[in-house]
1. Quick check: anything in the stretch 226-237 assigned to a helix (DSSP H, G or I), surrounded by fewer than 24 Cβ atoms within 10 Å (Cβ to Cβ), outside the structural domain of residue 375 (by TED's automatic domain parsing) and modelled with pLDDT of 85 or more?
2. When you go through 574, 581 one by one, which is the residue that is in contact with a helix residue (DSSP H, G or I) (Cβ under 9 Å, 6 or more places away or on another chain), assigned by TED's automatic domain parsing to the domain that holds residue 424, farther than 21 Å from residue 461 by Cβ and without any contact (Cβ under 8 Å) to a residue 24 or more places away in the chain?
3. Please pick out the residue among 435, 381 that is away from the ligand (no atom under 16 Å from the Cβ), outside any loop (DSSP other than H, G, I, E, B), buried (at least 19 other Cβ atoms within 10 Å of the Cβ) and in contact (Cβ under 8 Å) with a residue 24 or more places away in the chain.
4. Being part of a helix (DSSP H, G or I), over 16 Å from residue 580 (Cβ atoms) and within 41 Å of the chain's Cα centre (by Cα) is the filter here; which residues of the stretch 471-485 pass it?
5. Could you tell me which numbered condition residue 446 fails, if it satisfies all but one of (1) part of a loop (DSSP other than H, G, I, E, B); (2) touching a strand residue (DSSP E or B) at 6+ places or on another chain (Cβ under 6 Å)?
6. List pairs: first in the stretch 350-374 and outside the structural domain of residue 212 (by TED's automatic domain parsing) and farther than 16 Å from residue 393 by Cβ, second modelled with pLDDT of 90 or more and more than 15 Å from the ligand (Cβ to nearest atom), Cβ under 8 Å, 6+ apart or cross-chain?
7. Go through the stretch 494-596 and tell me which strands (runs of 3 or more DSSP E), entirely inside it, have 2 or more residues that are closer than 28 Å to residue 364 by Cα.
8. Are any residues in the stretch 350-398 on the phi > 0 side of the Ramachandran plot and in contact with a strand residue (DSSP E or B) (Cβ under 7 Å, 6 or more places away or on another chain), and if so, which ones?
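The values are calculated or read from the model by the stated rules, or taken from the named source; none is laboratory data. Keep in mind the model is a prediction, meaning the values are calculated, not measured. Every residue, glycine among them, receives a Cβ derived from its backbone with ideal geometry; neighbour counts consider all protein chains shown.
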Ligand code: ADP
């Protein structure tokens, strides 16, 4: 899609330019136009014209002679020479002496040329510019037409628009939306049977999963204009402005129907109205206007509203009822296959090595969104350029995943020998625990090269497939793996370090979720103690229980983590020789692959 850019410069800029041009015209060009054309000739020609009696009127000035020919068609001038008999000769030739040959332009003409004409041109240019912009924007530019107009960016039809094929994975969402495309192509098919298209479709999902892309793809596939605006752009400082923008947007959309209106981050205006006095009046008015507008247009007018949000639970129920946003399309994080496809889509734009194993990369990038995968491919390309190569290799991709996960390698962070040894044992502790518990994912890579994120080393686990369900045992094993780093330190060095803070956080989070949300404790059975408030934005939770219960939950969490920590200690103690061998190897090599690790483990 080609976006029609809103003009960056305000109208006053064009007016100033026009004014400068007109002033220059007035000073240099118009006086020249008003002046009669005078041809300069040499004195000899003047003498011969005098002798031939070809001169009509003549005027002798202080430094030049101005004269016309007999027919008074042309005006000439020549320099003044010391020529005593000139007046007499002229008189004899029949020339008429005149005081004024070059007529001053009439005052009326001067006035016309220097004032009226420029003013007309000035107004004309202004009209032309504003007319053109209004046409392009569909009358929508707030900078010049007042703050109450919508700032929707309009994308016009173009052959290079985004198509469904550019959006990899997300097959369910695409299937859902292709119905809309079909409708926009062929509305009669639907109206003849009495079916009406949903007016609004809400795309919900975590950031960077391709919601905007999907909306653009719908417009691209159906070849209709696409209005795009972000929810936050509606909310202004003054109450009523946002509502007026909503009206304006819908007015434009109806004029351009069939078309698609895309409202990104709709939660900015669509938040639940809470009825408190401290409520945000402007936001509520904007929302009310949106509700009214969505009711106001008839079904099957060809205006389809798509909206995207990461926080569906915060939206006002009135917005979600049938007749408004009556369809909800989840756009989730891609699964393994989806990740592979997204990588391939983005790899098309990059010069890739022929034998790249996208499946491995997709496995390594578990939990990554489409936007992150796009970023990974780009980081890999940048790395190839940095190394002066012209194709991107597998190792570029692998390294760029690590960059995205853990930051760049720290070039000059030097660990002391003791620290390096501790980090080696810590990381091998994680990896060994993961590998020994059959249900844990095998290890992809272990490294003790410090990264800019602050990690002194890390163990990259690899998924071997998609997991939709996790059993209690698997979750417990995960906690064992998290705590095994610290367990290894305790076992070998008899002391503990700060290096485990992230592990502690993760283990606690998991243990708490098992108790409060997954019903995996005997004590609380299947009672929800926590609610997820932000499913798509990090999964924040809020407790919904009495303070006494909270205390018991806390005790339970401690108990769970402690138990798994003990299991980790036992597991590592039983395999102490492998722990030493692997840690020694890692200490020496700094980075070892999953295969090397397994080879030593199974020796
Ligand atoms: P959202 O609106 O969900 O936050 P976007 O649609 O803006 O995410 O996606 C951001 C970028 O991520 C896109 O420009 C694209 O490069 C990449 N991306 C996300 N999802 C996909 C996908 N399914 N297929 C291909 N690229 C994707």
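1. Our first condition is that a residue be assigned to a helix (DSSP H, G or I); within the stretch 226-237, this holds for 231-234.
Adding the requirement that they be surrounded by fewer than 24 Cβ atoms within 10 Å (Cβ to Cβ) leaves 231-233.
Those still in the list that are outside the structural domain of residue 375 (by TED's automatic domain parsing) too: 231-233.
Subsequent filtering for residues that are modelled with pLDDT of 85 or more retains none.
So far as the stretch 226-237 goes, no, none of its residues is assigned to a helix (DSSP H, G or I), surrounded by fewer than 24 Cβ atoms within 10 Å (Cβ to Cβ), outside the structural domain of residue 375 (by TED's automatic domain parsing) and modelled with pLDDT of 85 or more.
2. Numbers: 581 fails: farther than 21 Å from residue 461 by Cβ.
Selected residue: 574, the only one of 574, 581 that is in contact with a helix residue (DSSP H, G or I) (Cβ under 9 Å, 6 or more places away or on another chain), assigned by TED's automatic domain parsing to the domain that holds residue 424, farther than 21 Å from residue 461 by Cβ and without any contact (Cβ under 8 Å) to a residue 24 or more places away in the chain.
3. On the way: 381 fails: away from the ligand (no atom under 16 Å from the Cβ).
None of the other options fit; the residue is 435.
4. As a first pass, look at the stretch 471-485 and keep what is part of a helix (DSSP H, G or I): 472-485.
Next, from what is left, pick out any that are over 16 Å from residue 580 (Cβ atoms): 472-483.
Correct list: 472, 474, 475, 476, 477, 478, 479, 480, 481, 482, 483.
5. (1)
6. Going by the 8 Å Cβ cut-off, there are no qualifying pairs.
7. Values: elements: 530-532, 541-543, 591-593.
Of the strands (runs of 3 or more DSSP E) lying wholly inside the stretch 494-596, those with at least 2 residues that are closer than 28 Å to residue 364 by Cα span 591-593.
8. Start the filter on the stretch 350-398 by keeping residues that are on the phi > 0 side of the Ramachandran plot, which leaves 367, 388.
Once the filter is applied, which keeps residues that are on the phi > 0 side of the Ramachandran plot and in contact with a strand residue (DSSP E or B) (Cβ under 7 Å, 6 or more places away or on another chain), the stretch 350-398 yields nothing.
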